[in-house]
1. Sort through B:GLU114, B:GLU72 and tell me the only one that's away from chain A (no Cβ under 14 Å), surrounded by fewer than 16 Cβ atoms within 10 Å (Cβ to Cβ) and either of a type in the set (Asp, Glu) or in contact with a strand residue (DSSP E or B) (Cβ under 6 Å, 6 or more places away or on another chain) (or both).
2. Please verify whether A:ASP126 is free of Cβ contacts under 8 Å to residues at least 40 places away in the same chain, surrounded by 17 or more Cβ atoms within 10 Å (Cβ to Cβ) and away from chain B (no Cβ under 14 Å), treating the condition exactly as stated.
3. Is it the case, given these coordinates, that B:SER346 is under 18 Å from B:THR443 (Cβ atoms), within 12 Å of chain A (Cβ to nearest Cβ) and either surrounded by 14 or more Cβ atoms within 10 Å (Cβ to Cβ) or over 25 Å from the mean Cα position of the chain (by Cα) (or both)?
4. Tell me the residue from B:ALA405, B:ALA455 that is in contact with a strand residue (DSSP E or B) (Cβ under 9 Å, 6 or more places away or on another chain) and assigned to a loop (DSSP other than H, G, I, E, B), please.
5. Could you list, in sequence order, all residues of the range B:20-48 that are within 24 Å of A:SER165 (Cβ to Cβ), facing another protein chain (nearest Cβ under 8 Å) and assigned to a loop (DSSP other than H, G, I, E, B)?
6. Looking only at the range B:83-99, which residues are surrounded by 21 or more Cβ atoms within 10 Å (Cβ to Cβ) and part of a helix (DSSP H, G or I)?
7. Given B:ARG442, B:ARG403, B:ARG430, B:ARG435, which one is of a type in the set (Lys, Arg), more than 10 Å from chain A (Cβ to nearest Cβ), under 19 Å from B:TRP290 (Cβ atoms) and under 20 Å from the mean Cα position of the chain (by Cα)?
8. Mind telling me which of the residues B:GLY177, B:GLY196 ends up being outside any helix (DSSP H, G or I), in contact with a Lys or Arg (Cβ under 8 Å, 6 or more places away or on another chain) and under 27 Å from B:VAL466 (Cα atoms)?
Amino acid sequence: MALEKITRVAGRAVHVPGNDIDTDRIIPARFMKCVTFDGLGEYLFYDMRRNADGSTKAHPLNDPRFNGASVLLSGVNFGCGSSREHAPQALQKHGIRAVIAEGFAEIFFGNSTTLGMPCVTASRVDIARIAAAVEADPATEVSIDVAGQKVSFAGQTVSVSIRDSARDALVNGRWDPIGELIEGAGDAAKVAGKLRYMMA
Amino acid sequence: MPKTLFEKVWDTHAVRKLANGQTQLLVGTHLIHEVTSPQAFGMMRDLGLKVAMPHRTFATVDHIVPTDQVSEPYADPLADAMIKELRKSCKEFGITFFDRSTGKQGIVHIVGPEQGITQPGTTIACGDSHTSTHGAFGAIAFGIGTTQIRDVLATQTMALGKLKVRRIEVGGRLRPGVYAKDVILHIITTLGVNGGTGYAYEYAGEVFDRFSMEERMTVCNMSIEGGARAGYVNPDETTFTYLKGRPYSPKGAEWDAAIARWRAIASDPGCAYDDVVRIDAADIAPTVTWGINPGQGLPITGRIPDPAKAAAADERASIEEALAYMKLRPGAPIKGTKIDVAFLGSCTNGRLSDFQEVARFLKGRHVAPGVKAIAVPGSQGVGLLCAEMGIDKIFRDAGFEWRAAGCSMCLAMNPDKLVGDQLCASSSNRNFKGRQGSPTGRTILMSPLMVAAAAVTGAVADAREVFGVASN
């Protein structure tokens, strides 16, 4: 099962400002009553984007200028709260391929990496610069060099960071670990054999 | 070389280093529920995989179950499909399922400890961020995503980077009317909602030494709300007493051997921590939230923050956003804020001692007119014990609705939801926008006794005053 080597993600960007944007906001729990992830994209940030009667509210993802954006910009502690993989799944199904934020909650970061969606951390000042360029010209291409840990846009380049293990997994095409974990099954059985509580 | 419990458990469960530098970690106990597992079973079928160690996965149903309807089909066809899907998958893959018909069903983080499945020195994973609850027993327990559930089903292992360990010592004695819930809300308010990112929290000190297992669970439960993926308490006599005689606890000679292992797994004296935080129990008041994340909290005697007085622009924006959503006035006392709903339950505070403590004070009191109050035991076991002790009757007589076990209004994936911008005094763990089922619904987090005080007065209140809890 050869996975894509995700060394670079490039596309138009959309800025969803705010700190501590939790996974309940990214995908409200009521849309998790499903047995597949298909179709979650349309419920992304649902209650931020729609009123109770279904009419749309002002939100960057409702702004036609940012239609087709594949890079999301946000603030501190993005994806905090629930462990629901439905959150990165909803982002991906909506067309988001990478997130640039000031920081990420642990479980969200891991879930996103396992889906091959890079989450890179940038300073507040640099995110504001990218957001300003995108606001001035929504067609601006924002290009994330995952291996080199930098982002280029509108003739500028800023440095970003991503945890070594995630960077390695993405750029070497081993972000879904299942194959490697199965290879270790024999070793796992040996470790389990030494633990009394794991015996049948 | 002295080691922390975290390092010892990590070392005994590490299988091998993976190419990206993470560790393949053995997951001793895997817990699943209906919401985050169906897609994982789907992936297993697509890949033609078998469950590696079916006897080490346990299932229950909690998020979507109606608490006012036990018979099937459920009124909500989506919920009905989910319980049936889990039943089917457990049968197909040979997994023990604590279904509603077994009398052992409940919130997954209440069922594991109750059954004695949660044990010291083990690794536990579950597709739910509140899995940190199980750390109360000296287990390393963390929430995982659905793809990782697939990994654990298929291999009983997962890929994980090692966490740092922060010891949080709470010394001294808690004042009367101050509970475990106040301790964790105080810790999160102090260290921030992302203060624990990259850490496991080791809770210690006299307060934790004296705490019951249920109190330890309340604190460990909300570790993730402070950004820490795992939180634990070193096992001691309290832990062993709780576990003795439970269905999955070791028996006979196995029990003595287990105790010896469990004692040895505790952090060694003199071990090194990546960080240490000390808190004086006397500084902790009954704590309530005023905003839209669990770190936006204050003592019940405090005033709602004023964005104009914020130190930084960023903080000002956060306060403004929270107050606009909560419809609260800057500078006003939080005490006296009118409520519409009181919710007592959840994996944070849905255990026997939570209902017992409230029942002590609720007898002879009544829910204020216009307030909807619901009490939801965290498991069928808790519900049964409450019935045997007459606790359910005390709640009913006081005007609470007494429900069947489930997650209920903590996250509203079932019929228990706020309506419009109702304000809920809640013993649950999250006050996020829309968390309790209405996109404009408002949540104030607090201890169970504070929920009862709000229920009987119709407003956010100081339980110490409402119930005459002695002040020293």
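1. B:GLU72
2. Numbers: free of Cβ contacts under 8 Å to residues at least 40 places away in the same chain: yes; surrounded by 17 or more Cβ atoms within 10 Å (Cβ to Cβ): yes; away from chain B (no Cβ under 14 Å): yes.
The answer is yes for A:ASP126.
3. Numbers: under 18 Å from B:THR443 (Cβ atoms): yes; within 12 Å of chain A (Cβ to nearest Cβ): no; either surrounded by 14 or more Cβ atoms within 10 Å (Cβ to Cβ) or over 25 Å from the mean Cα position of the chain (by Cα) (or both): yes.
Spelling it out, it is not the case that B:SER346 is under 18 Å from B:THR443 (Cβ atoms), within 12 Å of chain A (Cβ to nearest Cβ) and either surrounded by 14 or more Cβ atoms within 10 Å (Cβ to Cβ) or over 25 Å from the mean Cα position of the chain (by Cα) (or both).
4. On the way: B:ALA455 fails: assigned to a loop (DSSP other than H, G, I, E, B).
Just one listed residue meets the conditions, B:ALA405.
5. B:ASN20, B:GLY21, B:GLN22, B:GLY28, B:THR36
6. Of everything in the range B:83-99, those that are surrounded by 21 or more Cβ atoms within 10 Å (Cβ to Cβ) and part of a helix (DSSP H, G or I) turn out to be B:LEU86, B:SER89, B:CYS90.
7. Details: B:ARG403 fails: under 19 Å from B:TRP290 (Cβ atoms); B:ARG430 fails: more than 10 Å from chain A (Cβ to nearest Cβ); B:ARG435 fails: more than 10 Å from chain A (Cβ to nearest Cβ).
Just one listed residue meets the conditions, B:ARG442.
8. Working: B:GLY196 fails: under 27 Å from B:VAL466 (Cα atoms).
Sole residue among the options that is outside any helix (DSSP H, G or I), in contact with a Lys or Arg (Cβ under 8 Å, 6 or more places away or on another chain) and under 27 Å from B:VAL466 (Cα atoms): B:GLY177.
Values quoted throughout were computed directly from the atomic coordinates according to the rules given, and no laboratory measurement underlies them. Source: prediction; values computed, not measured. Note that each Cβ is placed from the backbone with ideal geometry, even for glycine, and that neighbours are counted across all protein chains shown.
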